[in-house]
Amino acid sequence: MKSLQAHEDWHMKARWIKRALKIGLIAVVAATVLGFLVMTLWNWLAPAVLGLHTITFWQALGILILSKILFGGFRGRPGHGGNWRRRMNERWQHMTPEEREKFRQGVFSRCGQTNVAPEESREARHV
């Protein structure tokens, strides 16, 4: 039984590593494409319209990051995740205490925590 659990743990960690590498690769490709897009648009429009100098890829990437900070922030989409939270809260409210404990054990075991104490009451946590 111990070897099965170790195999499952290894498999879960490998999945998370693959997912992180995939997300990292997508982020690098997106930053590269957007950087070249900003550089191309700047070098096409800014010298002709505003009389400015052309820029390099790294300068374009800097402009992209600066504009994201100034105008967009790094919060993600507004309201993103709100529906998930609401649905999960509704599901949680309809669970019996046994179902809640089983759910918590499943979530924590997937996160690598095996011995999790039962949920304490909400009143005890807020005091």
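Quick notes on this one:
- Top-ranked residue in the stretch 57-96 [being part of a loop (DSSP other than H, G, I, E, B) and at pLDDT 85 or above; ranked as nearest to Phe36 (Cα to Cα)]: Met95
- The stretch 34-57, residues that are exposed (fewer than 10 other Cβ atoms within 10 Å of the Cβ) and either of a type in the set (Val, Ile, Thr) or not assigned by TED's automatic domain parsing to the domain that holds Lys68 (or both): Val49
- Each residue in the stretch 1-16 was checked for being hydroxyl-bearing (Ser, Thr, Tyr) and at pLDDT below 75, and 0 pass.
The values are calculated or read from the model by the stated rules, or taken from the named source; none is laboratory data. All values derive from a computational prediction rather than experimental measurement. A quick note on method: Cβ atoms are made from the backbone with ideal geometry, for glycine too, and the neighbour counts reach across all protein chains shown.
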